[in-house]
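Taking it in order: structure first as structure tokens, then the write-up.
The values are calculated or read from the model by the stated rules, or taken from the named source; none is laboratory data. Keep in mind that this is a model prediction, so the values were computed, not measured. Here Cβ is always computed from backbone atoms with ideal geometry, including for glycine, and neighbour counts include all displayed protein chains. Side chains included, ligands, DNA and RNA excluded: accessible areas come from the protein's heavy atoms. Shrake-Rupley method; radii C 1.70, N 1.55, O 1.52, S 1.80 Å.
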Number of protein chains: 2
Amino acid sequence: MQHAFITGAAGFIGSTLVDRLLAHGVSVTGWDNLSTGQLRFLEGALRHPTFRLIEGDNLDERALSAAMRGSDFVFHLAANADIKDGWSHPRRDLEQNTIATFNVLEAMRANGIKRIAFSSTGSVYGEAMVTPDKPTPETDPFPIQTSLYGASKTAGEGLIAAYAEGGQIDEAYIFRFVSILGERYTHGHVFDFYQQLRDHPQLLHVLGDGTQRKSYLYVQDCIDAMLHVTHTRTARDAAHHTQIYNLGTAEYVDVRQSIAVICQELGLQPELKFTGGNRGWIGDNPFIFLDTKKVRATGWKPALTIREALIRTLQWLQSNPWVYDVRSS
Amino acid sequence: MQHAFITGAAGFIGSTLVDRLLAHGVSVTGWDNLSTGQLRFLEGALRHPTFRLIEGDNLDERALSAAMRGSDFVFHLAANADIKDGWSHPRRDLEQNTIATFNVLEAMRANGIKRIAFSSTGSVYGEAMVTPDKPTPETDPFPIQTSLYGASKTAGEGLIAAYAEGGQIDEAYIFRFVSILGERYTHGHVFDFYQQLRDHPQLLHVLGDGTQRKSYLYVQDCIDAMLHVTHTRTARDAAHHTQIYNLGTAEYVDVRQSIAVICQELGLQPELKFTGGNRGWIGDNPFIFLDTKKVRATGWKPALTIREALIRTLQWLQSNPWVYDVRSS
């Protein structure tokens, strides 16, 4: 990899990847429509001579293709990640996730770029049907989708695989993430809980009944895994040029445990008010825990526990109150 | 079901379904962009007082929604079915299959229509990974897509499931078809073989090496299954409002056996020239054989064997040479 193209380069994960690749001596073109990305995350990168940022939207296929020229690897991370409110704008997942991925693939084809890594999600497993309470492997039964977000990421995966199996792409790495935590985190339950507790330290409203169990991964561990796997080039000579890896820790926590870590760190003992039901929102998956044996077999393992990642996330939010101002809408 | 809305109503399967529903006393609105559909298939239906045809494209969301008004069940059959040449026009599967399905779902939502049946495909299984040589069940491992067509149908399935699991649809029936044969068949290997043999009875060019094994189903059996399953309303009170059924016969044939049936019926013994390789085209699945236990458990079973269906198809093509004129391009 000499020149990486990163969609969603100004986002939480994208900007962290930009910094890591630049530190490794890779030239980087960042692409972002700045709808949720933050220029502030790229302050360091923008001072780097081999980084350039191009503002553009994945729906603008011509501009995307022009921006991609000269790159030899695409990290396609841009997405609508607002899972919870999918039903307020159902076309957004279709456009920003499914059609966007198609446009990225067509732009790669136009530029002869043959390698891609894609940020998919554990949500593609819908409600894992055969293995409840066990970690979900990549070969879990063909799932029933339960959210527009999961459906759009499944569609993106399918497109990438069709391009790879159809000979248009030599190496396709699909990473199914659990929720990611860490510095530059701007979306999710820790974000919401801290916001509430900052404003009202005595009361915390919680979606669901607190029993939802989810796994999390620290952002630098996530990037370690992507860089490690793409470096191994396992997809190059495989029967399938599409290689799929779950990314997560080998543990999960329930919402009450998350709250306990956050409250202990903040020194608070708020009253908890639950909305009830075992789902946080329509289509929420009450149990996300991925089997990560496949990616661990490549030699990668996470450095941080979920507890450590939660604390780092909280500390970053405490030091960066500005993210609440830019994200409030 | 009192008033059915059928996308792709002028197509092979769609027009046959129109006739069957009208015969059952159901009012039908047919919707077709007539890109591959044939008005001639609707000659009988158009004389029926409770049938109306509206010409329109699924990408025209506003017209689609207006046309759907007053219907209580949607059969979404319209699709780009040109699997083989996906790479000559990659956007077509995205538009006519994925985005089209989204628009159908949004039009249903706008009209408060809560029941849908969808024609998916065995191609969604990609290359069935764990059960080679065995029939593929609905719960096969999460597949790697191998064609743009399969990817676009998987995307359509995911969207429908997300709408159903998200409470927007009460009953979603997804039917994964093998290739369908019978009267009004205008696309596929029997169509191509008969065309060649009609023009050059001594020579038959065959894609692949003749070992590709596929299952087929007679069109009236296919429609029997859809009507039977939707009538049972299994999705109504199920934990998942999305019910998925493989549709096929409990047998398969290889290409050489297909050719033998066709040649025997035509009284020909042509020289066979194979292009070679175990795939007919890029992304072709060399083995499609679906496990149909689930749909059989509802009480349905096919009336015709593959051999009988092949012969009916051939006889229909012989009696309807006009289809070769309208489909040549």
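For the range A:71-84, the Karplus equation 6.51 cos²θ - 1.76 cosθ + 1.60, evaluated at θ = phi - 60°, returns couplings of 7, 10, 8, 10, 9, 9, 10, 4, 6, 7, 10, 7, 6, 4 Hz by residue, with Gly and Pro reported as x.
Neighbours of A:Val28 by Cβ distance under 11 Å: Lys/Arg scored +1, Asp/Glu scored -1, total +1. Separation of the alpha carbons by more than 21 angstrom is noted, of A:Lys153/B:Lys84; A:Lys114/B:Lys214; A:Lys153/A:Lys214; A:Lys134/A:Lys273, for A:Lys153/B:Lys84; A:Lys114/B:Lys214; A:Lys134/A:Lys273.
Shown are A:Thr305, B:Thr7, whose ranking by accessible area with a 1.4 Å probe and every protein chain present, most to least, is A:Thr305, B:Thr7. Comparing B:Gly277, B:Gly208, B:Gly150 in a Gaussian network model of chain B where C-alpha atoms under 10 Å apart are linked, the largest mean-square fluctuation is found at B:Gly277. Distance between the C-alpha centres of the range B:251-295 and the range A:291-310: 47 Å, rounded to the whole angstrom.
By a 1.4 Å probe calculation restricted to protein chains, A:Ile259 has an accessible surface near 10 Å², given to the nearest 10.
Protein-only accessible surface at a 1.4 angstrom probe places the residues B:Asp192, B:Asp199 in the order B:Asp199, B:Asp192, largest first.
Projected onto planes of every orientation and averaged, the convex hull of the alpha-carbon atoms in the range B:125-266 covers 10.2 nm². The simple spin-label model puts a point 7 Å past each Cα toward its Cβ; for A:Glu43 and B:Asp82 those points are separated by 5.4 nm. With respect to chain B, whose longest principal axis is taken over its alpha-carbon atoms, helix B:100-111 is tilted by about 20°.
In the context of the full protein assembly, A:Leu159 retains an accessible surface of approximately 20 Å², using a probe radius of 1.4 Å and ignoring ligands and nucleic acids. Taking all protein chains together and rolling a 1.4 Å probe, B:His228 ends up with roughly 60 Å² accessible.
For the rotational copy relationship between B and A, the axis lies nearest to a chain B beta carbon, identified with its distance in whole angstrom as B:Ala155, 2. With K and R counted +1 and D and E -1, the other residues having a Cβ less than 9 Å from that of B:Asp254 yield a net charge of +3.
Close amide H partners of B:Asp140, meaning residues 5 or more places away or on another chain with modelled amide H under 5 Å apart, are A:Phe142. Coordinate range of the alpha-carbon atoms in the range A:177-329 per principal axis, descending: 57, 33, 29 Å.
Each peptide among B:263-271, B:279-287 gets the average number of other Cβ atoms lying within 10 Å of its residues, and from highest to lowest they stand as B:279-287, B:263-271. Reported value for the protein assembly as shown: 148 Å³ per residue, from the convex hull of its C-alpha atoms. Put simply, the Cα atoms of chain A extend 57, 47, 39 Å along their principal axes, the longest span coming first. Remark: label point of B:Arg40 defined 7 Å out from Cα along the Cα-Cβ vector; separations to the same position in other copies 6.8 nm, ascending. Note that the range B:1-95 shows a convex hull volume over its alpha carbon atoms of 89 Å³ per residue.
Copy-to-copy label distances for A:Arg91, where each label lies 7 Å from Cα along Cα-to-Cβ, are 1.7 nm in order of increasing length.
Here A:Thr232 yields copy-to-copy label distances, from shortest upward, of 4.3 nm, the label point defined as 7 Å from Cα along Cα to C-beta. Projecting label points 7 angstrom from Cα along Cα→Cβ for A:Phe274 and B:Ala260 puts them 6.4 nm apart. For the set A:His200, A:His3, the ranking by accessible area, highest first and with no ligand, DNA or RNA atoms included, is A:His200, A:His3 under a 1.4 Å probe.
Within the shell defined by Cβ-Cβ distances under 12 Å, the residues around A:His200 carry a net charge of 0, with Lys and Arg each +1 and Asp and Glu each -1. Distance between the pseudo-spin-label points of B:Arg109 and B:Arg296 (7 Å out from Cα toward the beta carbon): 3.9 nm.
Per the Cα gyration tensor, the range A:166-225 maps to an equivalent ellipsoid with semi-axes of 34, 14, 10 Å, ordered largest to smallest.
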